[in-house]
1. Local charge sum around Val115 (other residues, Cβ-Cβ under 12 Å, Lys/Arg +1, Asp/Glu -1)?
2. On average, how much accessible surface per residue is there in the range 33-140, in Å², for a 1.4 Å probe, leaving out ligands, DNA and RNA?
3. Can you give the log10 of the normalised intensity I(q)/I(0) at q = 0.15, 0.27 Å⁻¹, computed with Debye over equal Cα scatterers of the range 36-115?
4. Summarise the long-distance tail of P(r) for the range 68-107 by giving the % of C-alpha pairs beyond 12 Å.
5. Hey, any idea what % of the range 26-72's accessible area is carbon plus sulfur with a 1.4 Å probe?
6. Gain in length, Ala76 to Tyr59, computed as 0.36 nm per residue apart minus the alpha-carbon separation, to one decimal in nm?
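The values are calculated or read from the model by the stated rules, or taken from the named source; none is laboratory data. This one's a predicted model, so the numbers in the text were calculated from it and none came from an experiment. Cβ placement follows ideal geometry from the backbone for every residue including glycine, while neighbour counts extend to all protein chains displayed. With ligands, DNA and RNA removed, areas are computed over all heavy atoms of the protein, side chains included. Shrake-Rupley method; radii C 1.70, N 1.55, O 1.52, S 1.80 Å.
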Amino acid sequence: MRRPFGDASRQVRFGHGDPCPQYAGLQGPDTGEWAGRTLDEVAAEDPAAVRSWLTDPDYAPPGGESVTALIARVGAALAALPTGTHRAVVDQAVVRAAVVSALELPAAAFWRLDVRPDTVTSLTGRLGRWNLQLGQPVGK
């Protein structure tokens, strides 16, 4: 059976909803009781919960937010931005949520988007119409 995520990814600890200075709606996902634990730790304790989290966008970790809620929160933050250029350093999950929201993709697409570390994802547009540019190296 193939395990979700690579071995290295499974050892990264769930975040604590780290803030995004100047953009409150773009803070990292709230992983509730899973925060500070690795995917392997959570999966060993409750494999059904991890399976639900990876397959059901409406499932929320205990005390946390669902992928659907994350997408809605990030989408609302994008919609509220004033006209102009905005730059924010955000969690990879926030990039996924922003892309899903901006392009009006189904929530299930969230887990199908890979966001490379140390790259820039750009959303440009106005009046609710977004264009997407992926994977530019930082500093270009």
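1. My count for the surroundings of Val115 gives 0.
2. Heavy-atom SASA per residue in the range 33-140 reads 62 Å².
3. For the requested q values the scattering log ratios are -0.58, -1.36.
4. In whole percent, the long-distance tail amounts to 57.
5. 52
6. This chain segment gains 4.1 nm when fully extended.
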